[in-house]
1. Just one of (1) 40, 37, 30; (2) 60, 43, 31; (3) 60, 36, 27 is Cα extents along the principal axes in Å as worked out from the coordinates here. Which one is it?
2. Output the relative contact order of the chain, whole-number percent, from Cα pairs under 8 angstrom with separation of 6+ residues.
3. Could you tell me which helices of the chain pass both thresholds, a Cα extent of 20 Å or more along their own axis and a mean Kyte-Doolittle hydropathy of at least 0.0, with helices taken as whole DSSP H runs?
4. Mind listing the long-range amide H neighbours of residue 24? Cut-off is under 5 Å, sequence gap 5 or more, other chains count too, H placed in the peptide plane at 1.01 Å from N.
5. Among the listed pairs 104/168; 25/168; 92/168; 92/116; 110/162, which have their C-alpha atoms separated by more than 18 angstrom in this model?
6. How much net charge surrounds residue 24 when only the other residues with a Cβ under 13 Å from the Cβ of residue 24 are counted, with Lys and Arg +1 and Asp and Glu -1?
7. Considering only DSSP states other than H, G, I, E and B, which GluC sites (Glu not before Pro) in the stretch 53-148 qualify as loop sites with at most 13 other Cβ atoms within 10 Å?
8. Per-residue HN-Hα couplings for the stretch 116-132, Karplus 6.51 cos²θ - 1.76 cosθ + 1.60 at θ = phi - 60°, whole Hz, x for Gly and Pro?
Amino acid sequence: MKFWMALLLCSVTAVVAAQETITIKRSTYGIAVDKSMRIDTAGTSMADFIAFFPLQSETDKFGENLNVVMEPTNGVDVTLEEYVRMSLEQLKQYFGDIAIVENKTVSTTKGQPYHKLVYTASMNGFLLQFEQRYISTADYTYVLTFTAEQSQFNAYKEKAGKILGSFKLH
């Protein structure tokens, strides 16, 4: 009896969790985001897709967000490691106070390996923390970025990680 109750509880939980997300389908990928997020697919700021978490209060001045940037490879043969190295050089030029928290290649049992880069930096008066995942294919390099105020990063980390983990190429 306990087994069936546990199974029922897991099933109900899975259905509720599935109802709380919506899958955004783009030309070459899909990503599942929380239904409460504001979605922008207008292509602003070089991003193919941006999803904003709801503000926490009326005094909250920064909208934690996730975005996907697609850079065409244009037939140039650049390894994922080379691309990340060049990106890191650009980030160091852009952010004078960048501090690297994590920088590693992640192998996955499902899907494609990716490079994970976590760093902090100041921008527009905010101390921010970023988690980026770099994924390379023959046609594009995808840069998935979660951005939060550093003081709020851990509060959003689990939910953002699930969203980043839902990224699927098609």
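1. (2)
2. Working: 267 pairs, mean separation 34.7, N = 170.
Across the chain, relative contact order equals 20 percent.
3. Numbers: long enough: 2-19 (26 Å, 1.59); 80-94 (21 Å, -0.79).
Counting only whole DSSP H runs, the qualifying helices are 2-19.
4. 31, 32, 33
5. Details: 104/168 20 Å; 25/168 10 Å; 92/168 29 Å; 92/116 16 Å; 110/162 14 Å.
Where the Cα-Cα span goes over 18 Å, the pairs concerned are 104/168; 92/168.
6. Values: positive: 25, 26, 35, 38, 168; negative: 34, 40, 48.
For residues surrounding residue 24, the net value is +2.
7. Details: sites: 58, 64, 81, 82, 89, 102, 131; in loops: 58, 64.
Filter output for the stretch 53-148: 58.
8. 10, 10, 10, 8, 10, 6, 9, 8, 6, x, 10, 8, 10, 10, 10, 10, 10
Read the figures in this text as sums done on the coordinates, not as results from a lab. Computed from a predicted structure; not experimentally measured. All Cβ positions, glycine included, derive from the backbone under ideal geometry; neighbour counts span all protein chains shown.
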